[in-house]
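*Asks:* This is the structure I have questions about; it appears just below.
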Amino acid sequence: MTAEDEVTTDICVVGAGPAGLVLALLLVRSGVRVAVVEKHRAGQREFRGEILQPGAMRLLDELGVLAGARARGCHEHARFRLVEQDRVLLDIDYRALPAPYDHLLSIPQAHVLDELLLHLEKYEDFTYLDRRRVSGLVRENGVVRGVRADGAGGPVLVRARAVVGADGRFSKTRQLAGIDAGRTEAFDLDVLWFKLRSDEAPAPGGLRDVRVFRSGSSPVLAYDSFPDRIQVGWTLPHKGYQQVVTQGFEHVRSELARAVPPYADLIHEQIKSFKDVSLLDVFSGRAERWAADGLLLIGDAAHTHSPIGAQGINLAVQDAVLAHPVLVGAVRGQDASAGVLGEFERRRAPDIARMARLQTVQSRAMLSTGTFATRVRPRLAGVVRHTPLYRKILDTIAYGNKSIRIDGDLLVD
């Protein structure tokens, strides 16, 4: 039996996604010792979310990691467009925003995470424990004081003043803490994801767009993914995948090709079986509480959202920035009680509720049919585009809460 290693730190972060690693970097730069526990080997995870909104780009730039991540490869997208055949039903143009964050950025999530790890590894107060899955919470008198984890990296006991669950929508940390996920079926859809290879580049001076192709009740999201792929997501009625499968693969492929005419040939050439696609169960949720004595949940572990509107990374990075001063205060004040850590939820909950409402509106815009949706709404959108309301909507989508800033006064380097 392999002996259990023991690590003592200030904050143990479970999960090395955008929320966990951004938080870790902010904490170590504030003189706080951090250990990150991640079940995968570094650089060997599959990610679907690749779109950075301007809000996340600005914060990553302030941290000094955006330029390095971009240098690893990315694509800029000027607009988000809802199209039906040759008609544009909705056009959100990011070029109306101030430079340098006047676009969407399609960037492999691994590029961002690798750059964050590169910065973190410079700090002696940072410990990275990959290939280890959390199996239990360490408690002292009912207070969470660390985690136990095991896996290919070997068993480890991490003792900490507080634990942060940043391990995604199926959070093991949240489960071990006995906190309900608060799952709802607000969006009532699933997404079938796949990637296509494409050697075609935009024409000189041409624009890349994130597009949603409307085809009946099953819209399809598509955008260029670095370096030479097209990311495609086909929405299906919730739990409708079984019905699709019973109709046979050829039917599914034909429906996909019909839904996205520009990529029909590529779909027929490259999607050969159901093994070439993967199903994402789309749901929203808000954990019943985000803090307990010695424990804080952030990112998808605390609140889960639809991929509609590409908000996942944006919300994760902002969560980390807002959790940073709360956790620094907990360490310096030697008080990681639920009352102290709960300040994060008190500050962040209104933003999350606002984004959930916005995503519901976006979902209805994508899925609704009829004369109003296809003829009246595009005309109204054209009128609204020349009013202050358009800029307010664009700012909300692009930035979320624009007032969120890194607390530079806490950084010691």
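The values are calculated or read from the model by the stated rules, or taken from the named source; none is laboratory data. Worth saying up front: this structure is predicted, and the values here are computed from it rather than measured. As a convention, Cβ positions derive from the backbone with ideal geometry for all residues, glycine included, and neighbour counts pool all protein chains shown. Accessible surface is based on the protein model in full, side chains and every heavy atom, while ligands, DNA and RNA are left aside. Shrake-Rupley method; radii C 1.70, N 1.55, O 1.52, S 1.80 Å.
*Asks:* Which whole-number percent gives the relative contact order of the chain, counting Cα pairs below 8 Å spaced six or more residues apart? Display every interim value, and only then the final one.
*Replies:* Values: 817 pairs, mean separation 89.6, N = 413.
The value is 22 percent.
*Asks:* What number, in nm² with one decimal, is the all-direction average of the projected area of the convex hull of the alpha-carbon atoms of the range 258-326? Intermediate values should be presented prior to the final figure.
*Replies:* On the way: hull surface 29.0 nm².
With the hull built on Cα positions only, its mean projection is 7.3 nm².
*Asks:* Which whole-number percent of Cα pairs in the range 12-130 have a distance greater than 22 Å? Walk me through the intermediate numbers first.
*Replies:* Values: 2915 of 7021 pairs.
Beyond 22 Å sits 42 percent of the P(r) for the range 12-130.
*Asks:* How far is it, in nm, from the label point at residue 88 to the one at residue 140 when both lie 7 Å from their Cα along the line to the Cβ?
*Replies:* 6.0
*Asks:* Note down the nm distance, to one decimal, between modelled labels 7 Å out along Cα→Cβ at residue 133 and at residue 335.
*Replies:* 3.9
*Asks:* Next up: Could you list the trypsin sites (Lys or Arg not before Pro) in the range 189-252 that lie in coil according to DSSP, counting only those with at most 16 other Cβ atoms within 10 Å of their Cβ?
*Replies:* Working: sites: 195, 197, 208, 211, 214, 229, 239; in loops: 208, 214, 239.
Those satisfying the criteria are 239.
*Asks:* With +1 assigned to the C-beta of every Lys and Arg and -1 to the C-beta of every Asp and Glu, and no other charges, what is the dipole magnitude of the chain about the Cα centre in debye, to the nearest 20?
*Replies:* Numbers: 54 positive and 51 negative charges, 218 e Å.
The calculation lands at about 1040 debye.
*Asks:* Taking only protein heavy atoms and a 1.4 Å probe, what accessible area per residue, in Å², does the range 94-193 have with all protein chains in place? Don't skip to the end; give the middle numbers.
*Replies:* Working: 4280 Å² over 100 residues.
Value returned for the range 94-193: 43 Å² of accessible area per residue.
*Asks:* Counting only complete DSSP H runs, which helices of the chain cover 27 Å or more along their long axis at the Cα atoms and score a mean Kyte-Doolittle of 0.0 or above?
*Replies:* 312-332
*Asks:* Quick check for the chain: number of Lys pairs with alpha-carbon distance under 27 Å, counting only pairs 8 or more apart or on different chains?
*Replies:* Count of close lysine pairs: 11.
*Asks:* Counting only the heavy atoms of the protein chains, how much of residue 241 is accessible to a 1.4 Å probe, in Å² to the nearest 10?
*Replies:* 50
*Asks:* Continuing with this model, one more query. At 0.36 nm per residue, minus the direct Cα-Cα distance, what do residue 183 and residue 347 gain on full extension? Give it in nm, one decimal, please.
*Replies:* Working: separation 164, 0.36 × 164 = 59.04 nm, distance 2.15 nm.
Net length gain for the segment: 56.9 nm.
*Asks:* Continuing with the same structure: Explain nothing, just the number: dipole magnitude of the range 113-227 about its Cα centre with +1 on each Lys and Arg Cβ and -1 on each Asp and Glu Cβ, in debye rounded to the nearest 20.
*Replies:* The calculated dipole for the range 113-227 is roughly 500 debye.
*Asks:* With +1 on each Lys and Arg Cβ and -1 on each Asp and Glu Cβ, how big is the dipole of the range 217-319 about its Cα centre, in debye rounded to the nearest 20?
*Replies:* On the way: 8 positive and 12 negative charges, 47 e Å.
I would put it at about 220 debye.
*Asks:* Looking at the chain, send over the antiparallel percent of its DSSP beta bridges, to the nearest 5.
*Replies:* Looking only at bridges with both residues in the chain, the antiparallel portion is about 65 percent.
*Asks:* Most fluctuating residue of 346, 133, 174 in a GNM of the chain with Cα springs under 10 Å: which is it?
*Replies:* 346
*Asks:* Go through 155, 99, 350 and say which Cα lies farthest out towards the positive end of the charge dipole of the chain; charges sit on Cβ, +1 for Lys and Arg, -1 for Asp and Glu.
*Replies:* Farthest along the dipole direction, towards plus: 350.
*Asks:* How many nm separate the modelled label positions at residue 122 and residue 275, each set 7 Å beyond the Cα in the direction of the Cβ?
*Replies:* 4.4
*Asks:* So what is the relative contact order for the range 66-118, in percent, with contacts set as C-alpha pairs under 8 Å and at least six apart? List each step's numbers first, then the result.
*Replies:* Working: 62 pairs, mean separation 22.2, N = 53.
Reported relative contact order: 42 percent.
*Asks:* Okay, next question. If each residue of separation counts as 0.36 nm, what is the full-extension length gain between residue 392 and residue 41 once their alpha-carbon separation is subtracted?
*Replies:* On the way: separation 351, 0.36 × 351 = 126.36 nm, distance 4.11 nm.
So the extension gain works out to 122.2 nm.
*Asks:* For the range 269-331 and the range 112-158, what is the separation of their C-alpha centers, rounded to whole Å?
*Replies:* The range 269-331 and the range 112-158 have Cα centres spaced 19 Å from each other.
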